[in-house]
Amino acid sequence: MITLNYPFAKCKKKKNLGLIAAICSRGGVIIYPTETFYAIGGDALNAKLGEKLSRIKNRPADKPFPTLVGDFITLQKLVANWPKGARKIADKYWPGALTMVLPGHKNLPAAISGPDNSIAVRWSSHPLLNELAETLHTPLISTSANLSEQPPTRKARNLATEILEQTDLLIIADNDNPNPLPSTIIDARINPPAILRAGEIVIS
């Protein structure tokens, strides 16, 4: 496993971003920081990656993973259309710790798409994800970097050995917030949206 510390030194930034992109492009698994907890994932459009992550996390294979983007161009690869009121919510709270369930394009990998073509997507406010967006140009699977039913972590030292042993790349940037909350999840396909999980963002 390769380990990188974030933020990257200016002289190594381009090289490190290129390395991350190369690992993702070949279906590799990465652990990376978000504004809430460490996430594990990779190229969300890689059909085989979801199966690999389900095995790593001991997670049901038929449970779709949430996704993460860092720019609008990447978002368009996932979102088929904007239900009434959904775009206004996105404009208000993104980038940030808000995951929105939206209509997804047909034929997205089963690992990220529900039976009704729904997708769960978040535009992260973490600076790493914004930098990656400029290099990757693909959405990431973004699920907490822990075994199923175990708590997420904001500290790299608390990542499970079983997870690390099956990871290609770890990007370290611990969250210093002593009491971080998970992202808020809403079903934005209906108006007003339904709160599926309370979290960091309070919808008003």
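The values are calculated or read from the model by the stated rules, or taken from the named source; none is laboratory data. Quantities reported herein were computed from a predicted structural model and do not represent experimental measurements. Glycine gets a Cβ as well: all are built from the backbone with ideal geometry, and neighbour counts include every protein chain shown.
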Among the numbered criteria (1) crowded, with 20+ Cβ neighbours inside 10 Å; (2) modelled with pLDDT of 95 or more, which single criterion is violated by Asn5? (1)
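Each row is one residue, and each column tells you yes or no for (1) in contact with a strand residue (DSSP E or B) (Cβ under 7 Å, 6 or more places away or on another chain); (2) free of Cβ contacts under 8 Å to residues at least 60 places away in the same chain.
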| position | (1), (2) |
| --- | --- |
| Leu45 | no, no |
| Leu49 | yes, no |
| Val69 | yes, no |
| Gln76 | no, yes |
Could you tell me which residue of the range 171-204 is nearest to Ile89 (Cα to Cα), considering only residues that are surrounded by 14 or more Cβ atoms within 10 Å (Cβ to Cβ) and of a type in the set (Ser, Thr, Tyr)? Thr184
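I'd like the full set of residues that are basic (Lys, Arg) and under 19 Å from the mean Cα position of the chain (by Cα), limited to the range 81-123. Give the derivation first.
First pass over the range 81-123, keeping only residues basic (Lys, Arg): 84, 87-88, 92, 106, 122.
Of everything in the range 81-123, just one residue is basic (Lys, Arg) and under 19 Å from the mean Cα position of the chain (by Cα), namely Arg122.
Look through the range 133-162, keep the residues that are of a type in the set (D, E, K, R) and assigned to a loop (DSSP other than H, G, I, E, B), and return whichever of them is surrounded by the fewest Cβ atoms within 10 Å (Cβ to Cβ).
Among residues in the range 133-162 that are of a type in the set (D, E, K, R) and assigned to a loop (DSSP other than H, G, I, E, B), the one surrounded by the fewest Cβ atoms within 10 Å (Cβ to Cβ) is Glu149.
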Count - residues of the range 78-93 that are out of contact with any strand residue (DSSP E or B) (no Cβ under 8 Å at 6 or more places or on another chain) and not basic (Lys, Arg): 3
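If you go through the range 64-74 one residue at a time, do you hit one that is crowded, with 18+ Cβ neighbours inside 10 Å, more than 22 Å from Pro182 (Cα to Cα), in contact with a His (Cβ under 9 Å, 6 or more places away or on another chain) and of a type in the set (Ser, Thr, Tyr)?
Our first condition is that a residue be crowded, with 18+ Cβ neighbours inside 10 Å; within the range 64-74, this holds for 64-70, 74.
If we keep only those that are more than 22 Å from Pro182 (Cα to Cα) as well, we get 74.
When the remaining residues are screened for being in contact with a His (Cβ under 9 Å, 6 or more places away or on another chain), the result is 74.
Then keep just the ones that are of a type in the set (Ser, Thr, Tyr); that gives 74.
For the range 64-74, residues crowded, with 18+ Cβ neighbours inside 10 Å, more than 22 Å from Pro182 (Cα to Cα), in contact with a His (Cβ under 9 Å, 6 or more places away or on another chain) and of a type in the set (Ser, Thr, Tyr): present.
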Check Ser54, Ser124 and return the single one that is under 22 Å from Pro151 (Cα atoms) and in contact with a strand residue (DSSP E or B) (Cβ under 8 Å, 6 or more places away or on another chain). Ser124
Return the only residue of Ala188, Ala173 being among the small types (Gly, Ala, Ser) and farther than 30 Å from Lys84 by Cα. Ala173
